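Just so it is clear, none of the values below were taken in a lab; they were calculated from the coordinates. Worth saying up front: this structure is predicted, and the values here are computed from it rather than measured. Counting neighbours? That spans all protein chains shown, and the Cβs are built from the backbone with ideal geometry, glycine included.
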Amino acid sequence: MKRIFIEALSLGMIGTALVAAVVVPLRVEASRRASRESAAPVIELTGVMAQGVWTDERVTGGNVWRRDFRSAHPVLAVGKPTRLRLASADVVHTFSAPELGIDPVEIYPGKIVELLVTPKAPGVFQYYCTTVCGKAHFAMRGFFEVTEDGLLKQARPPGPDAEYWLAPEPPAAAGIAARGEWLFRQQGCVTCHGERGSDGVRNPNSMNAKVPIISDLARRTFLFTSADAEAFARLVADHPGLTDVAEAPQVPLFPVVKRQYLATLSLVRGGRRSSRLDPAGPRPPLDMPVWGARLTDRDLEAILTYLLTQGPSAAPSNRRATGPIHKGD
Ligand code: HEC
Ligand SMILES: [Cu+2]
């Protein structure tokens with residue numbers, strides 16, 4: 001009985017010593033960190049779907065209908081923790097900034113999510129919304145700027161197209177390619193693939209580090225001249241999905257062109273997740289969305305027709321030079 005008591009006592013003493021040696025210093029370190037973190041500056045970012053922004057202005061029940069919340073361009077300091085306080089003014093958003101180590105986090109209206117970010121190196125790092133939340137969703141991107149002293153150095157980097165979702169619809173008489181050009185902006189393809197599909201935006205840790213260029217779609221569809229592309233576009237206009245077209249002498253390599261075209265249509269309809277360049281790295285923030293859920297095949301074909309007929313090289317000056325020549329073909 002007595003022995004057991006002594007053993008228990010010595011175990012207790014060892015335990016206490018352990019607590020003193022390990023737990024106490026840990027707690028001191030933790031509390032030092034806690035005080036550094038509680039002194040961290042706070043940046044509040046609120047997602048506003050209708051305007052396609054994460055704003056650092058205060059959004060309340062009273063001003064949520066304002067039309068001009070600015071998109072936040074927060075500045076952080078290297079090695080200093082900053083507390084991000086994320087909120088939503090309307091629907092569920094997902095906030096992500098992979099290059100700063102911020103994994104996608106869902107932000108529900110009425111619930112605030114706090115996280116600490118301590119940047120390791122200076123630079124400009126994009127943040128994203130990665131839940132398709134509404135018509136202005138693809139505009140919900142911006143940049144953190146990280147500097148040694150936490151002071152703003154750069155002018156605001158260009159954001160996605162301002163208010164692309166408000167682009168006015170062309171009249172039906174303007175034709176299928178004009179409708180496609182309009183949809184390309186109005187639906188937000190332009191925010192990822194760039195003007196005319198000629199300049200994909202950064203997509204960290206995806207295969208090419210960028211969203212693919214699609215202004216060269218004609219060439220990749222084996223339509224090597226503008227005349228071929230125009231002839232093919234006329235076929236598509238008259239025969240949705242080309243279902244009843246087996247041959248078309250006016251389009252060289254027609255079977256190959258048709259197969260390639262339908263493969264692209266199916267990719268756009270069904271979307272595609274970006275694969276990781278480094279399997280251990282973060283998920284690339286931008287995937288090719290599933291468009292079949294939002295647009296009819298007819299509209300998807302209008303967009304492809306636009307991309308295919310905008311000329312072999314999509315440089316704006318080039319297009320202006322070649323465009324009208326083939327208008328009356
Ligand atoms: C959120 C960003 C985003 C938007 C918006 C977007 N795309 Fe994409 N798109 C991608 C990404 C990323 C890929 C590459 C996916 C992969 O890794 O295969 C892609 C791939 C494609 C491809 C295949 C390109 C190739 O080289 O294989 C086509 C065609 C395309 N998109 C067309 C469109 C069209 C048309 C729209 C608008 C209706 C659109 N995209 C909107 C991100 C986007
Ligand atoms: Cu969104």
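Tabulated data for the structure shown
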read-out: Rg to Rh quotient for the range 27-68, alpha carbon positions, Kirkwood Rh; value: 1.29
read-out: Pairwise centroid distance, computed over Cα atoms, of the range 118-135 with the range 201-240, Å; value: 28 Å
read-out: Near-label residues of the range 194-221 by backbone N, under 11 Å of a point 7 Å along Cα→Cβ of SER275; value: 207
read-out: Under 20 Å from LYS111, Cα to Cα: aspartates and glutamates that are on another chain or at least 8 residues apart; value: GLU44, ASP56, GLU57, ASP90, ASP103
read-out: Integer Hz, Karplus 6.51/-1.76/1.60 couplings in order for the range 95-112, x for Gly and Pro; value: 9, 8, 9, x, 6, 9, x, 8, 5, x, 9, 7, 10, 8, x, x, 10, 9
read-out: Test item: Cα-centred dipole of the range 42-147, Lys/Arg +1 and Asp/Glu -1 on Cβ, debye; value: 140 debye
read-out: Residues whose placed amide H lies under 5 Å from that of TYR127, excluding near-sequence neighbours; value: GLY142, PHE143, PHE144
read-out: Note, ³J(HN,Hα) from phi for the range 66-81, Karplus 6.51, -1.76, 1.60, rounded to Hz, x at Gly and Pro; value: 3, 9, 9, 5, 7, 6, 6, 10, x, 10, 10, 10, 4, x, 9, x
read-out: Space enclosed by the convex hull of the alpha-carbon atoms of the range 42-147, per residue, Å³; value: 81 Å³
read-out: Relative packing of peptides 256-267, 296-307 - highest average C-beta neighbours within 10 Å first; value: 296-307, 256-267
read-out: Pair-distance profile P(r), taking every C-alpha pair of the range 231-304, with 5 angstrom steps and integer %; value: 3, 14, 22, 18, 14, 11, 8, 5, 4, 1
read-out: Sorted by Cβ density within 10 Å, fewest first, the residues TRP291, TRP54; value: TRP291, TRP54
read-out: Whole-Hz couplings from phi, Karplus 6.51/-1.76/1.60, listed for the range 208-222; x for Gly and Pro; value: 10, 6, 9, 5, x, 6, 10, 6, 9, 4, 4, 4, 6, 9, 6
read-out: Cα→Cβ-extended label distance, 7 Å offset, between MET207 and ALA174, nm; value: 3.3 nm
read-out: Projected area averaged over orientations for the range 81-234, convex hull of C-alpha atoms, nm²; value: 11.8 nm²
read-out: Kirkwood hydrodynamic radius of the range 164-326, from inverse mean 1/r over distinct Cα pairs, in Å; value: 16.5 Å
read-out: Segment ARG220-GLU195, extension gain: residue separation times 0.36 nm, minus the distance between their alpha carbons; value: 7.2 nm
read-out: Estimated dipole of the range 164-326 in Debye, rounded to 20 [Cβ of Lys and Arg +1, of Asp and Glu -1, Cα centre]; value: 520 debye
read-out: Listed peptides 109-116, 199-206 by packing density, highest first (mean Cβ within 10 Å); value: 199-206, 109-116
read-out: Lys/Arg +1, Asp/Glu -1 at C-beta; the range 164-326 dipole; positive extreme among ALA173, PHE232, PRO212; value: PRO212
read-out: Nonlocal amide H pairs with ALA72, under 5 Å, H built at 1.01 Å; value: TRP54, THR55, ASP56
